[in-house]
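**Q** This is the structure I have questions about; it appears just below.
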Amino acid sequence: MAISGGIGFASAACEDPDFEALRRNLDLAEELGVDVVELPLFALDIIAGGRVLPDQMKRLALAIGTRPFAFTAHGPVGVNMMDAPDLLARHRIVAEAAIAAASELGVFRIVLHTGHIARADEGRIEAAYARQRDAFRALADVAERGGMSLAIENIYVPDRGRIAPLPSQIAREIAAIAHPNVTGCLDFAHAALACAAEGADFPAEAKALAAISAHLHLHDCFADPADMAIFVPSERVAYGLGDLHLPLGWGKLPWHNLMDELNFLPDALFLLELSAQYRFALPDGVVRARALAAAYERAQKQRAEA
């Protein structure tokens, strides 16, 4: 089922092999009248050893049922197409299994993360990019045959011993992939954190990837990559550390300024991606996401009239 733009959320990711959390989130999505929900394929135990589990897929289809909105999917987070050559086959098998599962579920777009390498291997980064380009071209063909597109998401790697491409580099890589079925997925918080860690200009980096993105992940943070000792997860929030997947407004990202400054591909999806413990914030988050989409549309209209 294809849609033209819209507002929605990722089903708050947690280990959910019996799909109870997913059912609750889909029911809530109906109540809130969203346009799309993103399925966390990485948290549903539908793939084992690189193969899709038919019985789990039947149970998942029953849990999803018939819903009045469309679906995207987030593929396995561990997929790393910049990894060592001897590991690429394993990554590709798992990614292809996720694409097959997504196609069976009627998903129209699947998100995969960009890769990363050890900082010590930075001298071989161009070879890693080349491996990733080849892999994503092949996966885009698989996705296209399954009736969906592929969106490549920017990431933040907290391990300072590893390096991942900044958003502008991902934009260049997507241009080099040059596949009509591949676009970007701009994750604002990941971009802010990565830019803070690498000393890069966040608005400029976000602008580069935004221009080729029709898929947006919305969650808040403090753009603080500092590594400090904490004792319970809530203390990371108290200190504002790292990739928190907070409700909008809890962090300090300049959301409305970004809506004024960025240009996305037509019909971009505005999708909340909150941590599972913030499910209670989804109703307010949907209101805020709608307001951001409206602010973006106003800014676009003003630019067109100027």
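**Q** Dimensions of segment 194-306 along principal axes (Cα, Å, largest first)?
**A** 52, 35, 19
**Q** Now a separate question. Rounded, prolate or oblate for segment 1-104? Axes are the square roots of the Cα gyration tensor eigenvalues, ordered a ≥ b ≥ c, and the cut-off for rounded is a/c under 1.5.
**A** Working: a/c = 2.22, a/b = 1.68, b/c = 1.33.
Since a/c reaches 1.5 and a/b is larger than b/c, the shape of segment 1-104 is classed as prolate.
**Q** Right, here's the next one. Just to be sure I understand the curve: with the Debye formula and one point per C-alpha of segment 151-214, what is log10 I(q)/I(0) at q = 0.12, 0.15, 0.17, 0.24 Å⁻¹?
**A** Taken in order of the listed q values, log10 I(q)/I(0) reads -0.26, -0.40, -0.51, -0.94.
**Q** Along the Cα→Cβ direction, 7 angstrom out, place labels at Ala306 and Lys58. What is the inter-label distance in nm?
**A** So the label points at Ala306 and Lys58 sit 5.8 nm apart.
**Q** Here is a follow-up. Express the C-alpha Rg of the chain as a ratio against the empirical globular expectation 2.2 N^0.38 Å, rounded to two decimals. Provide the component values of the computation, followed by the final result.
**A** Working: Rg = 18.4 Å, N = 306, 2.2 N^0.38 = 19.4 Å.
In units of the 2.2 N^0.38 Å rule of thumb, it is 0.95.
**Q** May I ask you to derive the relative contact order of segment 1-153, considering only C-alpha pairs under 8 Å and at least 6 residues apart, and to give it as an integer percent? Can you show the working numbers first?
**A** Working: 245 pairs, mean separation 34.3, N = 153.
Relative contact order, segment 1-153: 22 percent.
**Q** Express the Stokes-Einstein translational diffusion coefficient of segment 118-193 in µm² s⁻¹, to the nearest whole number, given a Kirkwood radius over alpha-carbon pairs, 4 °C and a viscosity of 1.567 mPa s. Provide the component values of the computation, followed by the final result.
**A** Working: Rh = 13.3 Å.
Using the Kirkwood radius from Cα pairs, D works out to 98 µm²/s.
**Q** Hey, fewest Cβ within 10 Å first, where do Trp255, Trp250 land in order? Walk me through the intermediate numbers first.
**A** Numbers: Trp255 20, Trp250 17.
Going from least to most buried by this count: Trp250, Trp255.
**Q** Between Val287 and Ala211, 0.36 nm times their residue separation minus their Cα-Cα distance comes to what?
**A** Numbers: separation 76, 0.36 × 76 = 27.36 nm, distance 2.45 nm.
That works out to 24.9 nm of additional length.
**Q** If you don't mind, there's one more thing I want to ask. Run the quick spin-label model on Arg124 and Asp201: label points 7 Å from Cα toward the beta carbon, then report their separation in nm to one decimal.
**A** Placing both labels 7 Å along Cα→Cβ, they lie 3.4 nm apart.
**Q** Convex hull over the Cα atoms of segment 233-288, averaged projected area in nm²? Walk me through the numbers before you get to the answer.
**A** Working: hull surface 18.7 nm².
For the Cα atoms of segment 233-288, the hull's average projected area reads 4.7 nm².
**Q** Here is a further query. For segment 170-185 and segment 259-301, compute the distance between their C-alpha centroids and round to whole Å.
**A** Using only Cα atoms, the two centres lie 23 Å from each other.
**Q** Given labels modelled 7 Å from the Cα in the Cβ direction, how far is it in nm from Ile230 to Arg51?
**A** In this crude label model, Ile230 to Arg51 measures out at 4.1 nm.
**Q** Tell me which residues come under 5 Å, amide H to amide H, from Cys221 once H is placed; ignore anything under 5 positions away on its chain.
**A** When sequence neighbours closer than 5 places are left aside, the close amide H contacts are Gly251, Lys252, Leu253.
**Q** At 222 nm, what helix-only mean residue ellipticity would the chain give, in deg cm²/dmol to the nearest 500, using -39500 (n - 2.57) for each DSSP H run of four or more? Don't jump to the answer; show the numbers that get you there.
**A** Values: 10 runs with 131 residues, N = 306.
After summing the helix terms and dividing by the residues of the chain, the value is -13500 deg cm²/dmol.
**Q** Next up: What ³J(HN,Hα) values, in whole Hz, does the Karplus curve 6.51 cos²θ - 1.76 cosθ + 1.60 give for segment 242-256 when θ = phi - 60°, with x put for Gly and Pro?
**A** So the J values, rounded to whole Hz, are x, 8, 8, 6, 7, x, 4, x, 7, x, 9, 5, x, 4, 6.
**Q** Right, another one. Note down the relative contact order for segment 126-199 as a percent, whole number, built from C-alpha pairs under 8 angstrom at least six residues apart. Display every interim value, and only then the final one.
**A** Details: 69 pairs, mean separation 28.3, N = 74.
Reported relative contact order: 38 percent.
**Q** To the nearest whole percent, what portion of all C-alpha pairs in segment 69-121 is separated by more than 16 angstrom?
**A** Details: 608 of 1378 pairs.
It works out to 44 percent of all Cα pairs.
**Q** Report the relative contact order of the chain, percent, no decimals, based on alpha-carbon pairs under 8 angstrom and at least 6 residues apart. Write out the running numbers ahead of the final one.
**A** Numbers: 597 pairs, mean separation 53.3, N = 306.
Result for the chain is 17 percent.
**Q** Now for a different question. Give a residue-ordered list of calculated ³J(HN,Hα) values for segment 95-107 (Karplus: 6.51 cos²θ - 1.76 cosθ + 1.60, θ = phi - 60°; whole Hz; x for Gly, Pro).
**A** Using θ = phi - 60°, the values come out as 5, 5, 5, 5, 5, 4, 5, 4, 4, 4, 8, x, 6 Hz.
**Q** Further, regarding this structure: How about Lys301: which aspartates and glutamates have a C-alpha closer than 20 Å to its C-alpha, ignoring those fewer than 8 places off in the same chain?
**A** The qualifying aspartates and glutamates are Asp260, Glu261, Asp267.
**Q** Return the ratio Rg/(2.2 N^0.38 Å) for segment 73-173, where Rg is computed over Cα atoms only. Intermediate results must be reported in sequence, preceding the final value.
**A** Numbers: Rg = 13.3 Å, N = 101, 2.2 N^0.38 = 12.7 Å.
Ratio of Cα Rg to 2.2 N^0.38 Å: 1.05.
Every number in this text was worked out from the coordinates using simple rules, so none of it is lab data. Values in this document were obtained by computation on a predicted structure and should not be read as measured data. Ideal geometry is used to build each Cβ from the backbone, glycine not excepted, and the neighbour counts take in all protein chains shown.
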